[in-house]
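Contents: one structure, followed by commentary.
Where a number appears in this text, it was derived from the coordinates with a stated rule and is not lab data. These numbers were taken from a predicted model, which means no experiment stands behind them. With ideal geometry, Cβ positions are generated from the backbone for all residues, glycine too; neighbour counts draw on all protein chains shown.
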Amino acid sequence: MASFVGVVPAKDPRLVVLVSVDEPRGAIWGGVVAAPAFSEIARSSLVELEIAPDGTLDTSATRYPVAG
């Protein structure tokens, strides 16, 4: 059994997706076997439900000032 679970969007989760592969062939790690399916399911679900994905990293809380 190989599995992968994740939430989307990461910042304000609206969906939890669990992908479980019974008797995987080749690799046995969830990140290799099940994560690609998670990615496609999460992406298409966000589009269908019209939920905006996380944007770029929020740099407003940067600890160190940027020189310039």
*Each label point is 7 Å from the Cα along the Cα-to-Cβ direction; what then is the distance between the points at residue 1 and residue 41, in nm?*
1.4
*What list of ³J(HN,Hα) couplings, whole Hz, do you get for segment 4-18 from phi and the Karplus terms 6.51, -1.76, 1.60, once you set θ to phi - 60° and write x for glycine and proline?*
8, 10, x, 10, 9, x, 5, 5, 9, x, 10, 10, 10, 10, 10
*Whose amide H sits under 5 Å from the amide H of residue 15, counting only residues 5 or more places off or on another chain, with H placed in the peptide plane?*
8
